[in-house]
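*Asks:* I'd like to ask you about the structure that follows.
What follows draws every value from the coordinates through simple rules; no lab data is involved. From a predicted model like this one, the values you see are computed outputs, not experimental measurements. Note that each Cβ is placed from the backbone with ideal geometry, even for glycine, and that neighbours are counted across all protein chains shown.
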Amino acid sequence: LVAVYGGYFGAGAAILMLALLGTLGMRDVHRMNGVKMVQGMLINAVAIGVFAWQGLVRWPEAGLMAAAALAGGFGGATLSKRIPKGLVRGIVVGTGILVSGVQFWEAYAGR
């Protein structure tokens, strides 16, 4: 279900994957990030294939986004190895709470 959501929409899929990996018993946040990155790559590869097959991809923009994603992925992995595991976990949890709060506010309180 996370893969279907991530392939179509993407936003927050990384947090969902980390949460799922945590509930499955993984505790090493660096290992979880590695598994999440591989899963995200596979999810996006399938989604790209489906969208490309249907002629829905704007290739110049997609190329720019792919380059930026690669740079961010390598940069983020390098940075996360230098940060203590507890801090990485806190950032992930804090980001999830913040995004959930903003989404809740926009959906229910911002009317």
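*Asks:* So how far apart, in nm, are the two label points at M41 and L24 if each is 7 Å from Cα heading toward Cβ?
*Replies:* Label at M41, label at L24, 1.7 nm between them.
*Asks:* Roughly how many nanometres apart are two label points built 7 Å out from the Cα toward the Cβ at V93 and E61?
*Replies:* About 3.8 nm, to one decimal.
*Asks:* Within the stretch 1-55, list the trypsin sites (Lys or Arg not before Pro) lying in a DSSP loop whose Cβ has at most 10 other Cβ atoms in a 10 Å radius.
*Replies:* Those satisfying the criteria are R27.
*Asks:* For the stretch 45-57, in order, what is each residue's ³J(HN,Hα) by Karplus, 6.51 cos²θ - 1.76 cosθ + 1.60 with θ = phi - 60°, in whole Hz (x at glycine and Pro)?
*Replies:* Along the stretch 45-57, the couplings run 4, 5, 4, 4, x, 5, 5, 5, 4, 8, x, 9, 9 Hz.
*Asks:* Continuing with this model, one more query. Can you give the translational diffusion coefficient of the chain in µm²/s, computed by Stokes-Einstein from the Kirkwood radius over Cα pairs at 25 °C and 0.890 mPa s?
*Replies:* Rounded to a whole number, D works out at 157 µm²/s.
*Asks:* Set the Förster distance to 30 Å, then compute FRET efficiency between Y5 and L79 from the Cβ-Cβ distance, nearest 0.05.
*Replies:* 0.70
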